[in-house]
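The structure under discussion appears below in the form of structure tokens.
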Number of protein chains: 2
Amino acid sequence: MTITASLVKELRERTGAGMMECKKALAETSGNLDQAIDVLRKHGMARASAKAGREARQGLIHAYIHPGDQLGVLIEVSCETDFVARTDDFRELVRNLAMQVAATNAQSVDRASVDPAMLERERAILMEQARGSGKPEAILEKIVAGKIDKVYEDIVLLEQPYIRDPDRKVKELVDQAIAKLGENIVVRRFTKFRVGEA
Amino acid sequence: MTITASLVKELRERTGAGMMECKKALAETSGNLDQAIDVLRKHGMARASAKAGREARQGLIHAYIHPGDQLGVLIEVSCETDFVARTDDFRELVRNLAMQVAATNAQSVDRASVDPAMLERERAILMEQARGSGKPEAILEKIVAGKIDKVYEDIVLLEQPYIRDPDRKVKELVDQAIAKLGENIVVRRFTKFRVGEA
């Protein structure tokens, strides 16, 4: 196991510990940074605030609170430079995305982040429903796959029809901003609170 | 297993299914409401939007975005009536709580909601640190318990010193509002986004 100089440097920056301590901690954890932080902390050689680090990226945090204060959305959208983050175009995109989340059943940014247990449960229900239709077993899978696509369109933000122009998907809205601003733009995360729903 | 009339009623309200179907579904799931909804959906007898229901309660959703738009907090605080939710006192409390979360390391509302894995990891680190002090084993547990209390004070919102009056705990701020407004007030949940931290 080779501990690279850049790994040692990162651990030093995160913990404030000395170079030799960092090297030793990394050797002990086979190069696992988070575990090395724990090792250093156990020996009192790292600040208690040492944490898995932040990826250096730019972007905005934005909130939309629906009139009446019963529903709110918090969203993070990232780009590559602070310059783009401060443009009106980027701000408008972020505002529109937050309103989209507030107005719809959006639960995940993309398919990959959909809760697999929820999806499995949904699939079981749809399969039972399809069976009840009396259609031949051979095409049930196809029917269910089509309905799962509809579920994605309902709950996956990037696949939803854009509320202000339902002919376009939200993903197209983001792609358009990417083309215009010339930077990669990523919807990182969002959360929605509704009074009484916790 | 007796299926009460009120349970049947609730299932009907949530699903829009007929009374006999609801009774049957509940019998099949031994009175489990969420499972009964799934049963009804499988038979196409419940709206797809049927979900574990909302507790009827009042309150507000509030957001605090720190100047610069790099940090934001979304919070839900509940009370018993819409009347109290709309008072200036309640609104001010909610605003102050959101700012408290933004300004501190708050991660959970109360001790019960602290992530047990995180706490266990913290405890192991503190125990190792204490061992390194050379103090007798008999008092190490006590030292660690004291340090864990400090961890709670750092990450549990209700146990934190209130930023605008550090002699009081946040819980006292809430209790004061309860006394003044004459309703139970509960901090339900909050979330904090910082750019690049996802």
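Around the Cα centre of segment B:118-198, unit charges on the Cβ atoms of Lys, Arg, Asp and Glu (plus for the first two, minus for the last two) sum to a dipole of about 180 debye.
Using a cutoff of 8 angstrom between alpha carbon atoms and counting only pairs six or more residues apart, the relative contact order for segment B:6-117 works out to 17 percent.
Taking amide H atoms as placed 1.01 Å from N in the peptide plane, the amide H of A:Arg168 lies under 5 Å from those of A:Tyr162, each 5 or more residues away in sequence or on another chain. Summed over the residues of the protein assembly as shown and divided among them, the accessible surface reaches 54 Å² per residue at a probe radius of 1.4 Å. Chains A and B together bury roughly 3800 Å² of accessible surface, counting both sides and using a 1.4 Å probe on protein heavy atoms.
Residues B:Glu137, A:Glu197 ordered from highest to lowest accessible area at a 1.4 Å probe: B:Glu137, A:Glu197. Given a 1.4 Å probe and the protein chains as shown, A:Arg12 ends up with an accessible area of around 100 Å².
Accessible-area rank, largest first, for B:Glu80, A:Glu128: B:Glu80, A:Glu128, with all protein chains present and a 1.4 angstrom probe. Note on A:Phe193: accessible area is roughly 10 Å² with a 1.4 Å probe, heavy atoms of protein only. Overall, the anisotropy analysis places segment B:87-198 in the prolate class: the square-rooted eigenvalues a ≥ b ≥ c of its C-alpha gyration tensor yield a/c not less than 1.5, with a/b exceeding b/c. Where a ≥ b ≥ c are the square roots of the eigenvalues of the C-alpha gyration tensor, would you call segment A:71-138 rounded, which needs a/c under 1.5, or, failing that, prolate if a/b is larger than b/c, or oblate? Because a/c hits 1.5 or more and a/b exceeds b/c, segment A:71-138 counts as prolate. The fraction of accessible area contributed by carbon and sulfur in segment B:140-198 is 49 percent, rounded to a whole number (1.4 Å probe; ligands and nucleic acids excluded).
Converting phi to 3J(HN,Hα) with the Karplus coefficients 6.51, -1.76 and 1.60 and the offset θ = phi - 60°, segment B:82-94 yields 5, 4, 5, 4, 8, 6, 5, 4, 5, 4, 5, 4, 5 Hz in sequence order, with x at every glycine or proline. Taking all protein chains together and a 1.4 Å probe, the residues B:Arg188, A:Arg57 rank B:Arg188, A:Arg57 from largest to smallest accessible area. Net charge of the neighbourhood of B:Leu140, taken over other residues with C-beta under 13 Å away and scored Lys/Arg +1, Asp/Glu -1, is +2.
Using a 1.4 Å probe on the heavy atoms of the protein chains only, list every residue of segment A:182-198 that has 10 Å² or more less accessible area in the complete assembly than in its chain alone. SASA drop of 10 Å² or more in segment A:182-198: A:Arg189, A:Thr191, A:Phe193, A:Arg194, A:Val195, A:Gly196, A:Glu197, A:Ala198. A 1.4 Å probe, protein heavy atoms only, puts the accessible area of A:Val114 near 10 Å². Once neighbouring chains are kept in place and the probe is 1.4 Å, which whole percent of the accessible area of segment A:53-120 is contributed by carbon and sulfur? Accessible surface attributable to carbon and sulfur in segment A:53-120 totals 52 percent. Suppose you put the label 7 Å out from Cα in the Cβ direction; list, shortest first and in nm with one decimal, how far B:Asp110 is from each other copy's label. Result for B:Asp110, in nm, nearest copy first: 3.9.
With a Cα cut-off of under 28 Å and a minimum spacing of 8 residues unless on different chains, the lysine pairs in segment A:1-148 number 10. Think of chain B as having a plus end and a minus end, set by charges on the Cβ of Lys, Arg, Asp and Glu; of B:Thr104, B:Gln35, B:His62, B:Gln35 sits farthest toward the positive end of this dipole.
Within segment B:64-90, the residues that become at least 20 Å² less accessible when every protein chain is included than when their own chain is isolated (1.4 Å probe; DNA, RNA and ligands ignored) are B:Ile65, B:Asp69, B:Gln70, B:Leu74, B:Glu76.
The values are calculated or read from the model by the stated rules, or taken from the named source; none is laboratory data. Keep in mind that what you see is a predicted model, and the values were worked out from it rather than measured. With ideal geometry, Cβ positions are generated from the backbone for all residues, glycine too; neighbour counts draw on all protein chains shown. Side chains are part of the model used for accessible areas, which takes the heavy atoms of the whole protein and leaves out ligands, DNA and RNA. Shrake-Rupley method; radii C 1.70, N 1.55, O 1.52, S 1.80 Å.
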